[in-house]
1. I'd like to check which strands (runs of 3 or more DSSP E) are fully inside segment 1-105 and have at least 2 residues that are open to solvent by less than 30 Å² (accessible area, probe 1.4 Å).
2. With the condition kept exactly as written, say whether any residue in segment 24-31 is modelled with pLDDT of 95 or more and not hydrophobic (A, V, I, L, M, F, W, C).
3. Which residue pairs have Cβ atoms closer than 9 Å, lie 6 or more positions apart in sequence or on different chains, and pair a first residue in segment 1-23 that is in contact (Cβ under 8 Å) with a residue 24 or more places away in the chain with a second residue that is acidic (Asp, Glu) and not in a strand (DSSP E or B)?
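The values are calculated or read from the model by the stated rules, or taken from the named source; none is laboratory data. Bear in mind that the values here come from a model prediction, so they are computed numbers and not experimental data. Because the Cβ atoms are built from the backbone with ideal geometry, glycine has one as well, and the counts that use them run over all protein chains shown. The accessibility values were calculated without ligands, DNA or RNA, using every heavy atom of the protein model including side chains. Shrake-Rupley method; radii C 1.70, N 1.55, O 1.52, S 1.80 Å.
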Amino acid sequence: DTWRAQQEAGLSLDATLGFNDRPAFRNGAAIRFQPWDHRRGEPLRLQAMPLLFMDSHFYDRPTSRPEDLGQAMAQWLGEVREVGGEVSLLWHQRVLSPDYGWGEGFRLLLKMLSSA
């Protein structure tokens, strides 16, 4: 229902299909796709691009260690590069403040992406 509503509202891309609690390929692949409209029996015009990871996946989980952040992000990004995939990444703007201290991770991510 969400994708149909987004399409009807004029959106052409949704980049939010991901897990709330861990990095992963929620749809099992690093590709953009057209979700299937089961009511109409045809694909929607709207495209969906999977969300691979977000900031909280690395900072809010008890198994995460700040020193492992670069290695973890590199592993996920490497998988996407290896298959020529396309994903979205989310770093909330509020966590860039000194109150959170997650800004260094964002700068590291930008460096990794710019060296691709």
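1. Working: elements: 13-17, 47-54, 88-90.
Here the list reads 47-54.
2. no
3. From residues that are in contact (Cβ under 8 Å) with a residue 24 or more places away in the chain, the pairs are Asp21/Asp60.
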